[in-house]
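All of the numbers you see were taken from the coordinates with simple rules; none came from a lab. For clarity, every value in this text was computed on a predicted model and none was experimentally measured. Ideal geometry is used to build each Cβ from the backbone, glycine not excepted, and the neighbour counts take in all protein chains shown.
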Amino acid sequence: MNMFGSVMSNQELDGIHKQSISILEEVGVRIRSEKALGLLENEGAQVDWQEQTVKIPRELVEKYLKLCPKSFTLGARVEKYNLDMPGRISTINLDGTGTRVRDFHTGQRREAVLDDVAKAARVFDAMEEGTVLWPPVVAHDVPVGAAGILGAATAFLHSGKHIQDEIKKEKEVYYVEQLLTAMTGSLDEVVRRKIYSATYCTVAPLSHDKEMLEGTMALTRLKAPILMYPMPASGSTGPASLYANIALANAEILSSIVIFQATTPGTPLIYGAALGAIDRRSGAYLEGSVETALQLTAMTQMGKYYGFPTIVAGCLTDAHEMGFQAAMEKTLTCLPLVLAGCDVVQGAGFLESSMTLCLEQILLDGEILKCCQRMARGVDTSSEKALMEEIGRVGPGGHFLKEKSTKALFRSDEYFSPSLSVREPYESWVSLGSPDMIRQGRAQVEKILEKEITHPIPERTEKVIREIMEEAGREL
Amino acid sequence: MEPMELFEIMRKAVLEGEEEEAVKWANVALEEGLHPQEIMDQGFLVGIRQAGELYEQEEYFLPDLVCAADAMKAALEVLDHALKKAGNKEAGGKTVMLATVQGDVHDIGKTIVGAMLTANGWNLVDLGQDVPNEEVIQAVEEKRPDILGLSALLTSTMEEQKEVIQMLQEKGLRSQIKVMVGGAPVNQEWADRIGADGYAESAVSAVKLAQELIK
């Protein structure tokens, strides 16, 4: 059977849902947008205009939960990369809005530039397990207001895969629409193909910020999928028990569902989460902690409990360098999510709590994800895998190397083929210059970057995109 | 009640982060005729120093320190009020003013820095979150803090740190105040570029930085 991971029983998931409803009915959420408050008041929610808070009744949540499409396709510019959600197996995404890069050539930590988005997109494009691409860093060499749009456009230019970004303010939606229309040919195609989606972050605890909310509400007219992404940290911006922090995050999601469905019914929504913990002494946000892993696994289960596609933060580390801590934390924050059936694990390629992009780490994390995928497939006990005939033929003693089934199974997905792990015996390993996974990763990144872009955009389209980028650079 | 007994209760109130207790006993001590400076030095300050020590020794976690700092702040307000009423100046010490910049509602990082600074003997003026730039400038003009700390969590709001520094410049206030910046997307390069006096990556290093800046 497949290998499953869960940290909560169905009854416990019910309990979380009930507590989230109580939070919305009794405590409410703060929404710093008159537009959204007005919308909810019309729907029968109880609004306190002075405090900008709203108490959302259970019936409203239930009504809008029913309206959410439960499956859709995240389209890609290159259609073979289209991703059906929910998917069959977990795939991976980078994270977004990092500010720094571990420079590929010097190894020094520096501010990110637009070319880093381009390079990361090319590395990501070469990874089979990479499906959804969030431009990973905010470029410092472009006008601040335009960094989002320029990052998304650069990702489109250098990768054929689905692009996910975020809307920081409503003015950006016009440029997103222009970009998507340029790439798909028409507004109808933009709506149909869904090659772009946006992350929407609530502000913990229980708040919605005006700019991002109104921007994302405006985006719903394109029917772009929205990833709801609460981030309370247990003990600081969320309550200190993991259970309560999960219930609070889920309440933030339920309030987002009501807002977006009330804005544009039928908007495709993705259940996400980036809950964290804090260092109990310094207050630093912790992504690679085991408590983070437990909460994210629970949130993955919550998403599936409601029947949503899921994109959840995972494969995370607080380490400053590639190495043991990074590998341990990333594995511990990836495997349980994959085992819980998370559609896309979001966090590859980053060190330092998703602030510092590292190109080698993208491939290293891809390797972790692939190992986890294999774990999730478990042990296949179907009758053709019993191999009783072979066991009889070889009998006691002897070997199975010459069996046809051995040859066939070695080429099947019964076995995972690592692309970075080092498995040479000692002498050969020394003679190869004692390679390790990090150096193998570096070598592969070098190869990828030496090659031409795999899926270039047609010249005419590229010209239009560059014009849109220029205009955004001037106007935003 | 004997003064020594009172000092002990006040020390404990701060150490254990009991805000209401701290206020209550500050008032009792004043009613008993003790001098505000004496109450501060022998009672509350001893408590906050011990809280700082316990934190250094890894006995105290962040919430212990935040509560101790808030108890200290509450007691200070009572004592300052008494000092002013008596026609004295406020209690001495350096003042730091903190704000999360315009357009940014993330407040926890700034709050932690404020607690750490309070625990280390700084007077704190916390302007809150999403503070309009104009309001920051106005507060600086009025309160004349030694240091202004500006926090930003979003790449899109970092720019306001630069803006505030420029506004200080235009108002001729820049040379009278040290400015430090912080927040997840901020780093030393950014601080240098916008002309801040310093950057701290954690609350603990913010305290060190603040102390260095006023040397």
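Please work out whether chain B counts as rounded, prolate or oblate from its C-alpha gyration tensor, where a ≥ b ≥ c are the square roots of the eigenvalues and a/c under 1.5 means rounded, while otherwise a/b larger than b/c means prolate and anything else oblate? Cα axes put chain B in the prolate bin.
Rounded to the nearest 10 degrees, the inclination of helix A:10-22 to the longest alpha-carbon principal axis of chain A is 20 degrees. Here the range A:66-377 carries DSSP beta bridges of which approximately 25% are antiparallel, counting only pairs with both residues inside. Each other residue within a Cβ distance under 13 Å of B:Gly114 adds +1 if Lys or Arg and -1 if Asp or Glu, for a net charge of -1. All C-alpha pair distances within the range A:66-377, sorted into 20 Å bins from zero, spread as 36, 61, 3 percent across the bins.
Counting only DSSP beta bridges with both residues in the range A:135-272, the antiparallel share comes to about 10 percent. Where both bridge residues fall in the range B:61-215, DSSP classifies roughly 0% of the beta bridges as antiparallel.
Using C-alpha pairs below 8 Å separated by at least 6 residues, the relative contact order for the range B:95-213 is 28 percent.
Counts of other chain beta carbons within 10 angstrom of each beta carbon in peptide A:280-289 average 5.
Shape call for the range A:433-476 from the C-alpha gyration tensor, a ≥ b ≥ c root eigenvalues: rounded (a/c under 1.5), prolate (a/b greater than b/c) or oblate? Here the range A:433-476 falls in the oblate category. The angle separating the long axis of helix A:290-306 from the principal Cα axis of greatest extent in chain A is about 70 degrees. For chain B, modelled as a GNM whose springs connect Cα atoms under 10 angstrom apart, the maximal fluctuation among B:Gly47, B:Gly182, B:Gly128 occurs at B:Gly128. Count the net charge of all other residues whose Cβ sits under 14 Å from the Cβ of A:Ala386, scoring Lys and Arg as +1 and Asp and Glu as -1. The answer is -4.
Counting pairwise Cα distances across the protein assembly as shown, what percent come out greater than 36 angstrom?
So the pairs more than 36 Å apart make up 46 percent of the total in the protein assembly as shown.
Summing Lys and Arg as +1 and Asp and Glu as -1 over all other residues whose Cβ lies under 9 Å from the Cβ of B:Ile214 gives a net charge of +1. Ranked for footprinting exposure by Cβ neighbours inside 10 Å, fewest first, A:Thr154, A:Thr73, A:Thr106 give A:Thr106, A:Thr73, A:Thr154.
Taking only C-alpha pairs under 8 Å that are 6+ residues apart, what is the relative contact order of chain B in percent?
16
Unpaired cysteine residues in the protein assembly as shown (no second Cys Cβ under 4.7 Å): A:Cys68, A:Cys201, A:Cys342, A:Cys358, A:Cys371, A:Cys372, B:Cys67. The angle separating the long axis of helix A:242-263 from the principal Cα axis of greatest extent in chain A is about 60 degrees.
Residues considered: B:Val181, B:Val105, B:Val23. Largest GNM mean-square fluctuation over chain B, using C-alpha springs under 10 Å, is found at B:Val105. The relative contact order of chain A, computed from alpha carbon pairs under 8 Å that lie at least 6 residues apart in sequence, is 20 percent.
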